[in-house]
1. Which pairs turn up if I take residues in the range 338-357 that are more than 16 Å from N266 (Cβ to Cβ) and look for partners that are part of a loop (DSSP other than H, G, I, E, B) with beta carbon separation below 6 Å, at least 6 apart in sequence or on another chain?
2. Restricting attention to the range 343-366, does a residue exist that is at pLDDT 90 or above, aromatic (F, W, Y) and closer than 30 Å to V273 by Cα?
3. Output yes when any residue across the range 322-333 is surrounded by 14 or more Cβ atoms within 10 Å (Cβ to Cβ), among the β-branched types (V, I, T) and either touching a helix residue (DSSP H, G or I) at 6+ places or on another chain (Cβ under 8 Å) or assigned to a loop (DSSP other than H, G, I, E, B) (or both), and no when none is.
4. With respect to A314, is the statement that it is modelled with pLDDT of 95 or more, out of contact with any Cys (no Cβ under 9 Å at 6 or more places or on another chain), surrounded by 13 or more Cβ atoms within 10 Å (Cβ to Cβ) and of a type outside the set (D, E) true?
5. Hey, among P342, P365, P306, which residue is more than 30 Å from T416 (Cα to Cα) and out of contact with any strand residue (DSSP E or B) (no Cβ under 7 Å at 6 or more places or on another chain)?
6. Has the range 265-273 got any residue that is within 30 Å of W55 (Cα to Cα), open to solvent by less than 20 Å² (accessible area, probe 1.4 Å) and in a helix (DSSP H, G or I)?
7. Take the range 284-309 and flag every residue that is assigned to a loop (DSSP other than H, G, I, E, B) and either basic (K, R) or open to solvent by less than 40 Å² (accessible area, probe 1.4 Å) (or both).
8. Which pairs do you get when a residue that is closer than 18 Å to R101 by Cα, found in the range 50-77, comes within reach of a residue that is aromatic (F, W, Y) and open to solvent by 10 Å² or more (accessible area, probe 1.4 Å), reach meaning Cβ atoms under 7 angstrom, with the pair 6+ apart or on two chains?
Amino acid sequence: MEQVSMFEQSLSQPLAARLRPRTLEEYVGQTHLLGEGKVLRRLIEQDQVSSMIFWGPPGVGKTTLARIIANRTQAAFIDFSAVTSGIKEIRSVMQQAEENRRFGARTIVFVDEIHRFNKAQQDAFLPYVEKGSIILIGATTENPSFEINSALLSRCKVFVLHALTTEELTVLLERALQDPRGFGEQKVSVSREMLGQLAEFANGDARTALSTLEMVVLNGSVEPDGGITVTRETLEQCTSRKSLLYDKQGEEHYNLISALHKSMRNSDPDAAVYWLARMLEAGEDPLYIARRVTRFASEDVGLADPRALEIAVAAFQACHYIGMPECSVHLTEAVVYLSLAPKSNSLYRAYEEAKRDAVQHLAEPVPLTIRNGVTKLMREEGYGEGYQYAHDTRDKLTDMQCLPDSLVGREYYRPTEQGVEGRFKTRLAQIKDWKRKHTKR
């Protein structure tokens, strides 16, 4: 049987795995945490690491940083995946950690994608974290505030890791071309400009940057002297479509819909269309966006432009009928219209104020005057007594009381003068003036 050399074995690994940093000096990025004198670097250098959560997007070095900490502190390192492990595996690992503690050794348990653990699985770590049997380092791409149990989260320090900058990724790519673990033993020719384009394509993800570099080198042109030249054509083929950072169920989902909503509210159609495209091109359900746009039409535009709701509903129907990619233009029409429409949140505020009163006055009876006396008994009890039919009056108005006694005089709808709503404000003022003059004291 042919044996594989250590060199061939290392080359069989992906470039990102071969170039995984082994020390803080090799680590790229996160200078806000690991720069000279920064808090996390001091904890690592002084060997005072406690349980912590690394929160950040994919490919920013969460796992790598945990391994560096384990090597630096000379602790046993147990790599644990939340995807493939359950309570049984957790207990087994905890027993191993207890054995290590009895022999005076510390154990770092690294849990990748810790947000995938359910409450019971997360709770299983609690007693061991509390008594110091393990140092727990969790990695998550999701907001720990929502995904990690409060009891466990309170015992861990959260460190936020940022996406790498284009400059940092370029440094990483240049190192890959020079390091013997990468392509340092080969003669690879690729311009710094193309490395910059590749770094920009990676969108802050070091793993994506290195994987793409490996792809373009493997598909480069082989020269007579054995060297490899990466052409612009090869680069363009390997970076034809950027993988957008997006999780339909995660925080980025809500970040982007929030960005769309706030851009429309700020009357910025360019920003609104950009965020719309970000969501659609990442695979978001157009009907979800259409529902949010429809909500916006009444919450933020309302009667300042009553047509806004019509256009939003029409866009929703178009999305339902024809789907993506054709419906992108219908959503764009709605988003631009709503961005440019006059803004009023008076309907939203009216409902929220009425809701508070409704909840606090749940037992408030409906005035007998506006109850429907459909039976003889109900009419004998006073249902509908004194009811005034507005259509029978000259002005189509009456002084009849429609609110419960305790809420008489409450005002919920306060129209603005934005757009068409100015007309509604004038009309409402006329109605209130009429009622003041005709109400019997």
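1. That search, which allows pairs on different chains as well, returns S346/R414; S346/P415; S346/T416; A350/Y412; A350/Y413; E353/Y412; A354/Y412.
2. Yes: one or more hits.
3. Checked the range 322-333: at least one residue is surrounded by 14 or more Cβ atoms within 10 Å (Cβ to Cβ), among the β-branched types (V, I, T) and either touching a helix residue (DSSP H, G or I) at 6+ places or on another chain (Cβ under 8 Å) or assigned to a loop (DSSP other than H, G, I, E, B) (or both).
4. Taking the combined requirement at face value, the residue satisfies it.
5. The match here is P365.
6. Yes, that holds for at least one residue.
7. E284, D305
8. The qualifying pairs are A70/F77.
The values are calculated or read from the model by the stated rules, or taken from the named source; none is laboratory data. For clarity, every value in this text was computed on a predicted model and none was experimentally measured. Using ideal geometry, Cβ is built from the backbone for each residue, glycine included, and neighbour counts are taken over all protein chains shown. The area values use the complete protein model at the heavy-atom level, side chains included, leaving out ligands, DNA and RNA. Shrake-Rupley method; radii C 1.70, N 1.55, O 1.52, S 1.80 Å.
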